[in-house]
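Only one structure is covered here, and it is reproduced in the block below.
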Amino acid sequence: MKFVNLILVPLMLVAGVAFANEKGIDNQNAVSNAANRGVISGTLDENSPTYDRVFTGMLSLDCFSNVEDSSNDGTYFEIICFEVSDSEPIEMIANPALTTIGDTFFTIYCNPFDLGSPELNVVYTDDDDGEGLLSAFTVNDGLTLTVGNIYFLVVSTYGAGEVGDFSINTSTNIVECGTVATDFGNWDNLKANYR
């Protein structure tokens with residue numbers, strides 16, 4: 001029996017690592033009551049920039065989430081700058097009635113967001129906590145961000161080549177700084193043109 005356990009345990013560990021970058025079962029369908037909420041909207045299409053997005057990590061309010069590189073490279077994305085007006089948990093929920101992208105992916109970054117190293121400064125990611133295959137950060141996630149800090153929401157498609165519109169209902173404590181241009185090669189150039 002010990003011999004069987006010595007073989008099965010390593011095989012299960014290897015199988016777990018091999019499938020770690022696959023979608024799991026969607027067991028949450030967060031829906032937002034849009035009353036008294038902010039809205040962030042946009043379009044991801046063939047004219048949108050692409051990047052090699054990360055894969056799900058644990059919540060890290062100190063910007064060190066242990067994300068992995070996703071096998072879905074070249075996904076369309078948009079960067080939205082935001083701040084918070086208080087230290088209450090935030091919400092960002094893809095609105096299924098207005099989102100035509102079939103499968104979204106959200107990543108929140110601390111400042112700075114480095115397009116060349118998307119695994120750095122990650123606060124949290126979400127794949128399917130919204131309705132169906134849509135993304136959502138809910139109050140239950142415990143995302144209590146720091147007032148006065150700048151954060152970046154990167155809205156992307158789950159896989160390469162997916163296109164469509166997105167609409168995100170936000171909690172009232174999210175204050176949008178605006179959409180961030182992605183034409184710049186490095187953060188210093190971007191920062192110089194942003195402030």
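Figures for the structure shown
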| item | result |
| --- | --- |
| Ser71 paired with Thr144, simple spin-label distance in nm, labels 7 Å along Cα-to-beta-carbon | 3.8 nm |
| Magnitude of the charge dipole, region 38-194, Cβ model with Lys/Arg +1 and Asp/Glu -1, debye to 20 | 340 debye |
| Dimensions (Å) - region 67-136, Cα atoms, principal axes, largest first | 36, 32, 18 |
| Volume per residue that the Cα convex hull of region 38-194 spans, once the total is divided by residue count, Å³ | 98 Å³ |
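No value in this document is a laboratory result; all are computed from the given coordinates. The model shown is predicted, which means the values in this text are computed figures rather than measured ones. Here Cβ is always computed from backbone atoms with ideal geometry, including for glycine, and neighbour counts include all displayed protein chains.
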